[in-house]
Amino acid sequence: MSEATGILRGGARRRWLAPVLWAALLLGACLGMESLQGLFRLVEPDSRRVVYARADFLVLLGRHVFVVAVASLAAVALGVGAAVAVTRRAGRDFLPLVAQLASIGQTFPPVAVLALAVPVLGFGTLPIIVALLLYGLLPIVRNTLAGLEGIDPGVREAARGMGMTGGQLLRQVELPLAAPVILAGIRTSVTINIATAAIGATVGASNLGDPIISGIVNGNTAYVLQGALLIGLLALTVDSLFARLQPTLT
Amino acid sequence: MIELIGVSKRFGQTTAVDDISLRMAPGELSVLVGTSGCGKSTTLRMINRLIEHSDGEIHIDGQQIRGFREETLRRRMGYAIQSTGLFPHWTVARNIGLVPRLLKWPASRIHARVESLMTMLGLPMDEFADKMPRQLSGGQAQRVGVARALAADPDILLMDEPFGALDPITRETLQHELRELQARLQKTIVFVTHDMDEALRLADRLVVMDQGRIRQQGHPLALLREPADGFVASLLGGEDRGLKEAALLTVGERMMPLGAKPLPGERISRHATLREALSMMLWRHAERLVVIDDQGMAIGELSLRRLVGARSHE
């Protein structure tokens, strides 16, 4: 018995290995970028500074995570909510409309959303959150729809025939069965948005996009590399977290 | 008791069920039978309001079904379907306990009920309680489906081609088990099928439907002997009707007492059907069989003349 739990615990520890490792690398890179100075000097031998220092990397990381988290939470609430609504009997008529709107949201480039949003919402964090929200909706809506429609019609028929209410059917049957597919959609959406959030730096939403934009403006490739490296590590950390989450739900 | 009075169902322009009236007595197993699209499934699903009827009245124990909340009505009836509709993310035990849980029974009572149902349906608790539906064979899954339908001990059981997707041997076993279960439980069962052999084997009352109407209803033997029209006759098996009827009668009903000097011969159980007896005669080239009881004692004999001979009921 104790041996079995020991193996279980070991297995659980191993599955957490990837996210923890990526997170450690990310934090290490944020704190110790200065020590890689020699490396970046090779890329930019002529610049006065080779490590971005206008803001602390940890602060930028925090803001980046915040923007993506807020936008993603809103996209999940809106996307799952809309997909659930249009698969109910009362909302069936809106299914094509919602599916199309979500597709349009993704074909619309975030930069264009920013350009349109800034005059209305002003500079700063809000326009980038709106842009990310719209951009991240499609994978969530599409996967939620696919997950719900993929449920064996017999299961739904039996659930109703046994006397489950609409709410019980949704909470106890439909959402749990569709969860793996929905979660995959959220994973795609969040990962895309971690990368896309960088353009927020162009409208004054300070985040890990700052070094990239600043590097492009000042012709400093080392800055661009530092921003890209941190965004990449953040994306890998979050993605491996989702990977860890997924099998427990199936 | 289920009563349908002048019930119709229209989907847009088409009439799926056309002014039917039916009475299903308590403890009776009624089988709705007909070709696909005849309205039998629609009729069944109108009883638990998965489909709302357009005209007429449906009563359960004298009360209009529209007087109940849909969910309340459905929790009073068992429902089993061909695809089983077991929840794939729930264990067998949890699936069976669905309706009792919806009815907020205490956990200990649900557990006891699930255990007794699983035992009754030949699914030992230790082996099956924690299995997931995908680990079951077709026959086991359908047994779980029937157990789930019976879980809250409803008076009424609605079954929509529950054995339709099973192989012939499993199907026959489950039909047999359903009959035995029904002999003990005496539920009011409405059973839909397009398989006439299944219908004849199970029915106390056979309801033949065609194009949304009832062509004929009554005891299976009555329909076999006096089909109302050519359609019913051909649906009941046409030239094969003699064999179908023989399958509903037992050797015990036709045998003669043993003669003074019993002759040796092939032995057959008194519970066997006349059809089985005839088959044995053909196979063994025998004109008479010795009828035995459950203990294997010879209690009578059945001759070919007697088997095909005068019908004692007429």
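The values are calculated or read from the model by the stated rules, or taken from the named source; none is laboratory data. Quantities reported herein were computed from a predicted structural model and do not represent experimental measurements. Cβ placement follows ideal geometry from the backbone for every residue including glycine, while neighbour counts extend to all protein chains displayed. Areas reflect the complete protein model, heavy atoms only, side chains present, ligands, DNA and RNA absent. Shrake-Rupley method; radii C 1.70, N 1.55, O 1.52, S 1.80 Å.
Comparison of A:L133, A:L169, A:L121, A:L137 shows that the only residue that is in contact with a helix residue (DSSP H, G or I) (Cβ under 9 Å, 6 or more places away or on another chain), within 14 Å of chain B (Cβ to nearest Cβ) and surrounded by 15 or more Cβ atoms within 10 Å (Cβ to Cβ) is A:L169.
Given the condition within 14 Å of chain A (Cβ to nearest Cβ), touching a residue at least 12 places away in the same chain (Cβ under 8 Å), in contact with a Gly (Cβ under 8 Å, 6 or more places away or on another chain) and open to solvent by less than 10 Å² (accessible area, probe 1.4 Å), answer yes or no: does some residue in segment B:8-25 qualify? Looking through segment B:8-25, none of the residues is within 14 Å of chain A (Cβ to nearest Cβ), touching a residue at least 12 places away in the same chain (Cβ under 8 Å), in contact with a Gly (Cβ under 8 Å, 6 or more places away or on another chain) and open to solvent by less than 10 Å² (accessible area, probe 1.4 Å).
Would segment A:85-94 turn up any residue that is of a type in the set (G, A, S), modelled with pLDDT of 90 or more and either loosely packed, with under 12 Cβ neighbours inside 10 Å or assigned to a helix (DSSP H, G or I) (or both)? Yes - at least one qualifying residue is present in segment A:85-94.
Let me spell it out: the conditions are (1) away from every other protein chain (no Cβ under 14 Å); (2) out of contact with any strand residue (DSSP E or B) (no Cβ under 9 Å at 6 or more places or on another chain), and B:A165 meets all of them except one. Which number is the exception? Here B:A165 clears every test but (1). Within segment B:119-151, the set of residues being open to solvent by less than 20 Å² (accessible area, probe 1.4 Å) and among the aliphatic types (A, V, I, L, M) comprises B:L121, B:L123, B:A129, B:A141, B:V144, B:V146, B:A147, B:A149, B:L150, B:A151. For segment B:28-43, the criterion of being more than 9 Å from chain A (Cβ to nearest Cβ), farther than 30 Å from B:F231 by Cβ and open to solvent by 20 Å² or more (accessible area, probe 1.4 Å) is met by no residue.
Considering only residues that are touching an Asp or Glu at 6+ places or on another chain (Cβ under 7 Å) and aliphatic (A, V, I, L, M), look in segment A:142-163 and name the one that is surrounded by the fewest Cβ atoms within 10 Å (Cβ to Cβ). So, considering only residues that are touching an Asp or Glu at 6+ places or on another chain (Cβ under 7 Å) and aliphatic (A, V, I, L, M), the one surrounded by the fewest Cβ atoms within 10 Å (Cβ to Cβ) is A:I151.
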